[in-house]
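The values are calculated or read from the model by the stated rules, or taken from the named source; none is laboratory data. Computed from a predicted model, the values in this text were never measured in an experiment. All Cβ positions, even for glycine, are placed from backbone atoms using ideal geometry, and neighbour counts span all protein chains on display.
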Amino acid sequence: MTAADAEAAVLRGAGTLAARIGLGHVEPRVIGRATNLIVALEPTPWVARIATGTVPIRDPWDFAWREVALARHLAAHQAPIVAPAPESLAGPHRQDGQVISLWQRVEVQGALVDPKLAGRDLATCHAVLRGYRGPGRENGFLAETAALLAHPQVQARARADDRARVADHLARLGERLRAQGPAVQHLHGDAHPRNVLNTTEGPRWSDWEDTVIAPREWDLACLVASARSAGREVAWSQAALAAYGEHNAGLLDLCVHLRVLFGVAWLWLLAGEHPRRQQALADRLAWIREKNP
């Protein structure tokens with residue numbers, strides 16, 4: 001099956017689901033492609049999120065269930081997020097072999113969010129999540145990075161010396177992180193600059209699929225890792241970090257290193273022949289080769 005065929009099948013499934021749960025006839029339209037497919041269910045006010053690229057490593061049902069549950073808590077406390085659809089409408093749902101969750105559709109403007117607002121609003125979300133007691137993955141990025149390194153496609157694509165280096169750094173730095181004590185609280189898990197959307201109603205943090213229980217510095221590492229390892233959006237990242245407020249600088253450095261390892265492992269699986277992803281992989285590998293944890 002080609003990529004186009006697979007996408008067409010997902011769209012058909014989204015349409016079938018919409019009819020089954022009472023939304024009537026919809027026209028599914030892709031509005032975002034990354035590790036998830038984002039599909040507008042026109043003319044309704046909802047979008048569907050369908051896991052695609054992460055399925056070789058993740059159980060899509062478990063991840064979608066945790067994401068929706070945590071986002072419901074945030075929305076109930078008026079946190080600045082893209083909210084799930086109400087009650088059972090959000091799902092997650094199973095349809096034609098896909099796991100689909102439904103979310104509020106927002107109008108996104110082109111530019112990045114003001115970094116001061118992004119950092120402030122991430123701190124607001126963290127404050128709300130301190131009271132959340134739902135299930136989560138404690139430092140789940142450590143096990144996921146190890147699983148990626150063991151994946152046959154990664155073993156086939158990555159140079160043996162680079163893969164061994166990443167595995168060595170992961171083992172040593174993972175022990176240092178665990179030595180910090182129990183993980184602190186639920187987090188976004190993937191709080192990079194493009195997961196905070198510049199909507200017509202203000203900044204909204206989105207895509208909570210990677211949610212973990214970990215030190216707050218993991219989310220801050222997501223904010224700044226591309227800047228520190230690849231020189232991307234440095235001023236934005238520094239301003240967002242400053243706006244977030246108090247944090248442990250040493251723990252942030254540790255989490256940045258782990259975040260870069262995590263990103264490299266995912267890029268080995270997903271980069272393919274995509275030029276931008278290949279460049280991102282090369283930048284991060286160069287950074288890792290210079291480090292001695």
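Residue-level analysis places Ala4 outside the set of residues that are in contact with a strand residue (DSSP E or B) (Cβ under 9 Å, 6 or more places away or on another chain) and of a type in the set (Gly, Ala, Ser). Listed by first and then second residue, the pairs linking a residue in segment 57-84 that is farther than 15 Å from Thr124 by Cα to a residue that is among the hydroxyl-bearing types (Ser, Thr, Tyr), with Cβ atoms under 8 Å apart and 6 or more places separating them unless they lie on different chains, are Pro60/Thr54; Phe63/Thr54; Ala64/Ser101; Arg66/Thr211; Glu67/Ser101; Glu67/Thr211; Val68/Ser101; Pro84/Ser101. Looking at Val68, is it in the same structural domain as Glu7 (by TED's automatic domain parsing), assigned to a strand (DSSP E or B) and buried (at least 20 other Cβ atoms within 10 Å of the Cβ)? So Val68 does not fit the description; no. The conditions of being at pLDDT below 95, over 20 Å from Ala214 (Cα atoms) and not aromatic (Phe, Trp, Tyr) are not met by Val106. Take Gly15 and decide whether it is in contact with a helix residue (DSSP H, G or I) (Cβ under 8 Å, 6 or more places away or on another chain) and farther than 21 Å from Ala191 by Cβ. No, not satisfied. Selection of segment 118-153 for residues being part of a loop (DSSP other than H, G, I, E, B) and either surrounded by 14 or more Cβ atoms within 10 Å (Cβ to Cβ) or within 17 Å of the chain's Cα centre (by Cα) (or both) yields Tyr132, Gly134, Gly136, Arg137, Asn139, His151. Of all the criteria given as (1) surrounded by 13 or more Cβ atoms within 10 Å (Cβ to Cβ); (2) free of Cβ contacts under 8 Å to residues at least 40 places away in the same chain, the one not satisfied by Trp266 is (2).
Within segment 89-116, the only residue that satisfies the criterion of being part of a helix (DSSP H, G or I) and without any contact (Cβ under 8 Å) to a residue 60 or more places away in the chain is Ala90. Inspection of segment 49-65 finds a residue satisfying the criterion of being among the hydroxyl-bearing types (Ser, Thr, Tyr), out of contact with any helix residue (DSSP H, G or I) (no Cβ under 7 Å at 6 or more places or on another chain) and within 17 Å of Ala9 (Cα to Cα). Here Gly140, Gly131, Gly97 are screened, and the one residue that is of a type outside the set (Val, Ile, Thr) and at positive phi is Gly97.
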